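K.L.:
This structure is in structure tokens; I'll ask about it shortly.
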Amino acid sequence: MRTTKFVLIGSGLAGGLLAAYLGRRGYEVALYERRADPREGNMVGGRSINLALSTRGIHALEQIGIADEVLKHAIPMRGRMIHPAGAEARTIFAPYDVDPNKHINSIGRAALNTTVIEAAQRYPNVHVKFNHKCTGVDLTEAVCHLETDGAQVMARGDAVIGVDGAFSAVRQSMQLKIGNFEYDESYLAHGYKELTIPPGPNGGWRMEKEALHIWPRKSFMMIALPNPDGSFTCTLFWEFEGPRSFATTKTDDDVRRFFEEEFPDAVPLMPNLVDDFKNNPTGSLVTIRCAPWFYKDKVALVGDAAHAVVPFYGQGMNAAFEDCVVLDECLAGFPEDRQRAFAEYFQRRKANADALADLALENFIEMRDKTASRTFRAKKKLDHFLEAALPGIYMPLYTMVTFTRIPYATAAHRARIQDALVYAGLIVAMILLVALAIRLLR
């Protein structure tokens, strides 16, 4: 019996992981990547938001035996370190969960990308080729057209899977050739720019290392995630246009003045601030929704190619890894009917991807604005109190999304019900207290 061949386009994080999953199943896998091999130091700098690996992603890595290897390169982040406005303001630590052992993991893209590619290449039936740019896909024949070193080549398989990111060439071919293909992309008015806090003189961290640092400033914010070498990767999320924006901040003095006004405690830690700001590109933030994610038994989409989300819940990579787990399960469940496996995968993931997209957008508002609010922090403390008092019954939304594998849509729905009950309970309690006070006064 002939072995099924999958052609994968994109050897980023999800592409490398999916290649490992398919290789483990015994499929023949040809993985093509338009960029050079990241293991040779070819990662593009200046636009890679650090990654926050959590339960869903760790589970996916565990299935192919590389979670421990990956976590060697990670730093635990046990909560948010909030840096309020004002030079004299003191930082506030807000734990992610009532359980101090629960944490997310800061990890650099390059280390993780290298690990998943090498995991895939442990299978002799997986072949990886770099510097091959996909220019289009023949959907009916499962043939990819590629460019490499100026030459045109074709890659033929039984099925093509697009794991090639938010601006997927595979998805673009589906948009052009599937008549009822639904597609929506929406950009935030904010962009992002990567900056750096280098290690201290002794190679140590110059801020609390086991935290995700946030400077919330209502309409914009900066975050910083720790790296194993003692540095922090910072990301400024700021409006593209406006009176104070990327568009109006041009000179060295403009940059210094803005950071000294808004992030005074960070400026002394950023000796390369002006150079980083001027030389690193300004990235855009896009949400992409589409349907369907497959065409017959010939083509499917995974990760950002199917459902790009903004990074504010730290779940983009984790969701893409979860796609790999679900697709693997579906292919195992319907080994003789790949179209049904693709359809089942789409059915299981679509509503959850849409729910995550909404959650990520909502969390941007929470991070840049609400984290500095005493009312918001009081609600978080109430969440943790109820979680401890009602174990297994009450779980905050962040806990469900980050520290469980509850489907995103289910978590969002459950959180809405919980919040309604909590607010109703608070209102009833207030009414009873007022009534008791009136009675005592009489």
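The values are calculated or read from the model by the stated rules, or taken from the named source; none is laboratory data. Worth saying up front: this structure is predicted, and the values here are computed from it rather than measured. Ideal geometry is used to build each Cβ from the backbone, glycine not excepted, and the neighbour counts take in all protein chains shown. For the accessible areas, the whole protein counts, side chains as well, though only heavy atoms, and no ligand, DNA or RNA atoms are used. Shrake-Rupley method; radii C 1.70, N 1.55, O 1.52, S 1.80 Å.
K.L.:
Note the direction-averaged projected area, equal to a quarter of the hull surface, for the Cα convex hull of the stretch 171-220, in nm².
P.N.:
It is 7.1 nm².
K.L.:
Now a separate question. Can you tell me how the stretch 106-205 classifies by the Cα gyration tensor, rounded, prolate or oblate, using a/c under 1.5 as the rounded cut?
P.N.:
It is oblate, given that a/c is not under 1.5 and a/b is not larger than b/c.
K.L.:
Under a 1.4 angstrom probe, counting protein chains only, how are 393, 58 ranked by accessible area, largest first?
P.N.:
393, 58
K.L.:
Stick to Cα atoms and the Kirkwood definition of Rh, then tell me Rg/Rh for the stretch 159-245.
P.N.:
Ratio of gyration radius to Kirkwood radius: 1.18.
K.L.:
Let me ask something else. Heavy atoms only, probe 1.4 angstrom, no DNA, RNA or ligands counted: give me 329, 261, 194 ranked by accessible area, highest first.
P.N.:
Per-residue accessible area, sorted high to low, gives 261, 329, 194.
K.L.:
Calculate, in nm to one decimal, what residue 156 and residue 141 gain on full extension: separation in residues at 0.36 nm each, minus their alpha carbon distance.
P.N.:
Result: 4.6 nm gained on full extension.
K.L.:
Still on this structure: What's the Cα-based Rg to Rh of the stretch 381-442, Rh via Kirkwood?
P.N.:
Ratio of gyration radius to Kirkwood radius for the stretch 381-442: 1.18.
K.L.:
State, as an integer percentage, the relative contact order of the chain based on alpha-carbon contacts under 8 Å between residues 6 or more apart.
P.N.:
19
K.L.:
Here's something else I'd like to know. For the stretch 1-154, what is the per residue volume of the convex hull drawn over the alpha-carbon atoms, in cubic angstrom?
P.N.:
176
K.L.:
Between their Cα atoms, which of 133/298; 129/350; 177/350; 102/350; 129/298; 133/177 are more than 25 Å away from each other?
P.N.:
Over 25 Å Cα-Cα: 129/350; 102/350.
K.L.:
222 nm [θ] for the chain, helices only, -39500 (n - 2.57) per DSSP H run of 4+, per residue, to 500?
P.N.:
-12500 deg cm²/dmol
K.L.:
How big is the C-alpha Rg of the stretch 291-442 next to the rule-of-thumb value 2.2 N^0.38 Å, as a ratio?
P.N.:
Against the compact-globule rule of thumb, the ratio is 1.40.
K.L.:
Express in Å², to the nearest 10, the accessible area of residue 304 obtained by rolling a 1.4 Å probe over the protein heavy atoms while all chains stay in place.
P.N.:
60
K.L.:
Another one. Could you work out how far the C-alpha centroid of the stretch 1-39 sits from that of the stretch 348-373, in angstrom?
P.N.:
First find each Cα centre; the distance between them is then 30 Å.
K.L.:
Which FRET efficiency value, to the nearest 0.05, is calculated for residue 240 and residue 438 with the Förster distance at 45 angstrom and r the Cβ-Cβ distance?
P.N.:
Using R0 = 45 Å, I get an efficiency of 0.25.
K.L.:
Which whole-number percent is the relative contact order of the stretch 83-193 (Cα, under 8 Å, 6+ apart)?
P.N.:
Over the stretch 83-193, the number comes to 13 percent.
K.L.:
To one decimal place, what orientation-averaged projected area in nm² is obtained for the convex hull of the Cα set of the stretch 129-181?
P.N.:
4.0
K.L.:
Could I ask something else about it? Choose one answer from 353, 85, 159: the residue with the largest mean-square fluctuation in a GNM of the chain with alpha-carbon springs under 10 Å.
P.N.:
85
K.L.:
Please report the projected area of the chain's Cα convex hull averaged over all directions, in nm².
P.N.:
25.8
K.L.:
Here's another thing I want to ask about it. Between residue 374 and residue 2, take the C-beta separation as r, use R0 = 56 Å, and let me know the FRET efficiency to the nearest 0.05.
P.N.:
0.30
K.L.:
Can you give me the solvent accessible area of residue 380 with a 1.4 Å probe, rounded to the nearest 10 Å²?
P.N.:
60
K.L.:
Also, quick follow-up: Heavy atoms only, 1.4 Å probe, whole protein assembly: order 257, 338 by accessible area, highest first.
P.N.:
257, 338
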